[in-house]
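The values are calculated or read from the model by the stated rules, or taken from the named source; none is laboratory data. Quick caveat, the model's predicted, so the values are computed rather than measured. Every residue, glycine as well, gets a Cβ built from its backbone with ideal geometry; the counts of neighbours run over all protein chains shown. Ligands, DNA and RNA are excluded from the accessible area calculation, which covers all protein heavy atoms including side chains. Shrake-Rupley method; radii C 1.70, N 1.55, O 1.52, S 1.80 Å.
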Amino acid sequence: MKITSNGLEFLEFTEFKNFAVDYDLLGSVSLSEPIVDKNGNILIKEKVAIKENMLKKLEAMDGNYIPSFKLAMSKDLMKMLRMVLSKAIVNRIEDKRNEFIFHLYEQNAERMASLKGIIQNSFYSKPLALGFFRILLNHKEFFNHLADFGLLSLGAVIQKKYSYKMVHRFSFLAGLCADIGVSKEGLYKQTLVGKPLTNASSLAVDIMRALSLPEEVIGAVNSHPVGNFEIPGAVPAEFDPESVKKHELNQDLLSGSGIEDDGSDDEEEAGEYAEDTAAVTLESLKIARYIIENLKVTSDKEHVSEKLLIMFTYNTEKGVFKKDLADPMIDRFKEFDLAIKRIRTIAEIENKCKFPSSAWAYPKPKAAQILCKDRNYQCPWIVNGWDLRIIAAQDPFGYIGTSLNVGTYPKCALEEELQEKIKYTD
C-alpha cells in the first residue's frame, strides 16, 4: 500500500482484498479510478461500492488487468480508517490472552459503550490516522503493542469521572505514541528503562511533533521516564538512537503522510493548554509504563494479573503512583481483594519506619517478618539478638529502586504489628 497525495493506493489484489474483507468494508468502500484489463476494457467502475462478487471476478482474472486499486482521500475514507483503527484496538481488549487488559476493561462494562468513541475520535487528523493505519497494515505486532500501551494508559483514567477537558483522549494518545519510535528489530519488546527509555521517548516526541499531537500529550511522553525505574531481572535495551531514527518506518512518520491536513472534524480538539489534563495524562502514562514493562518480563502467565496487581498496589502505597488514579484501577480487580489488602497492610507498616525505606517485610508478598534493610542499629525498634541471614538476593517485587542483597540484617519491632494485622486480612 502507498499513501499518495491523493489517497491510498494498493498495488496488489491480495493486499486490497485483505483490506476490504478483514475490516468489513465490503459495500462501503469504492475506487476513485476504474480497474481496466490490458485491452483497456473497464472491469470495475469507479465510485461503485466494492462487493464480494466483484472481488471474486478480479481474483479469477488475476494477471489480466492492471493491479492498481486507488481510494481517494475523503471524509468518508477518513471515517472508515478511524473505524478500522478503533476496531483493531478494541479487539485487543476482547482477546482473553491479553489477560490484564481484558480484566481491566471487563470489570468496567458500564464505560465500554463510550470506549469505541474515545478511541475512534482520538484519530482526529489525517496524518495521525494515516500514520497508524500504515503501522497496522505493515507492522501488525508492533501496532498491537502500541494499542496495548494506549489501553493501559486510558485504563488508568477511565475508572472515574473527570471534569478535565480531553483527559481520556490525551491519556490514550500518550500511551499509544510513547513507543512509536522503537519498532526497529523489535526494540519495543525489550526493557525500556533509564537511558534507553529517555532515548525512546525523545524519538517519540519528534514523531509526535511531526504528527501535530497536542502539547499535553507530547509533554507527558517527554516527562514520563523515571530515573530509578527498576524491573527485576530485566536487561535494558541497547541501541543507537540516531540509527533507530533512520529506520524506514520512522522516516515515513517523520516526513508525514504526504497529505495536508484540512483540519479536524472535532471542534473540541483545539484549545488552550490544560494543566490539569496534562498532569493526569502524565500520571496515567507512568502507570502504563510500569505495567507494560513488567508484563514484558513476567514468565508466570497464569497468574500475571494477580502478581502485577500486588506489585502495583505495593508501589502505590509506597507513594510511587498517585492514589487517586491508581486506587480506582486496582479496585476493579475484586477477585484479588485479599492479596491486595495484605500488600497494602505490609506497605502501611513499612511506611512507619523511623528511617524511611529501611523497613523491609520479608518475604513478599506473603511476608511474616520485618528486617532493617539499611542496618540502622541506632534505631530504638531494632530487636537485638534475632538477626536474619539472607542467603539469596530477594526480588524487589517491582518496587522502584529497592532490592535486598545477600547478608545478615537486624530484625525490626514492627514485625509484631505485621503479624497482628496480617491475621485479620487472611
Of Lys38/Lys126; Lys322/Lys373; Lys140/Lys307; Lys161/Lys323; Lys160/Lys364; Lys47/Lys79, pairs whose Cα-Cα distance is over 23 Å:
Lys38/Lys126; Lys322/Lys373; Lys140/Lys307; Lys160/Lys364
Provide the solvent-accessible area of Cys379, counting protein heavy atoms only and rolling a 1.4 Å probe, rounded to the nearest 10 Å².
20
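Expressed in nm to one decimal, what extension gain is obtained for the pair Asn64 and Asp324 from 0.36 nm per residue of sequence separation less their Cα-Cα distance?
That pair, Asn64 and Asp324, stretches by 87.3 nm at full extension.
So if a site counts as exposed when it's one of the chymotrypsin sites (Phe, Trp or Tyr not before Pro), its DSSP state isn't H, G, I, E or B, and it has at most 12 other Cβ atoms within 10 Å, what's the longest stretch of the chain without one? It would help to have the intermediate numbers written out before the result.
On the way: sites that count: Tyr273, Tyr377.
Of all site-free stretches, the longest is 1-272.
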Can you tell me the relative contact order of the chain? Whole percent, Cα pairs under 8 Å, sequence separation 6 or more.
13
Please give me, ordered by residue number, the trypsin sites (Lys or Arg not before Pro) of the stretch 119-214 that lie in loop per DSSP and have at most 16 other Cβ atoms within 10 Å.
Lys160, Lys161, Lys165
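Mind pulling the per residue volume of the convex hull built on the Cα atoms of the stretch 26-161? Å³ is fine.
On the way: hull volume 18.7 nm³, N = 136.
Convex hull of Cα atoms, per residue: 137 Å³.
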Among the stretch 45-63, those whose backbone N falls under 13 Å of a label point 7 Å along Cα→Cβ from Ser28 are 50
Show that you can apply the helix-only estimate: for the chain, add -39,500 (n - 2.57) for every DSSP H stretch of four or more residues, divide by all residues, and state [θ] at 222 nm to the nearest 500.
-15500 deg cm²/dmol
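Please work out the average accessible area per residue across the chain, using the 1.4 Å probe convention, and give it in Å².
Numbers: 19710 Å² over 426 residues.
In whole numbers, the chain has 46 Å² accessible per residue.
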Using Cα-only point scatterers and the Debye equation, what is log10 of I(q)/I(0) for the chain at each q in 0.10 Å⁻¹, rounded to two decimals?
-0.76
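Probe radius 1.4 Å, ligands and nucleic acids ignored: give me the carbon and sulfur share of the accessible area of the chain as a rounded percent. Mind showing how you got there, number by number?
Numbers: 9220 of 19710 Å².
Here carbon and sulfur together make up 47 percent of the probe-accessible area.
Within 10 Å, at most 11 other Cβ atoms, and a DSSP state outside H, G, I, E, B define an exposed site. Report the longest part of the chain free of exposed GluC sites (Glu not before Pro).
Values: sites that count: Glu238, Glu260, Glu267, Glu268, Glu272.
The reported range is 1-237.
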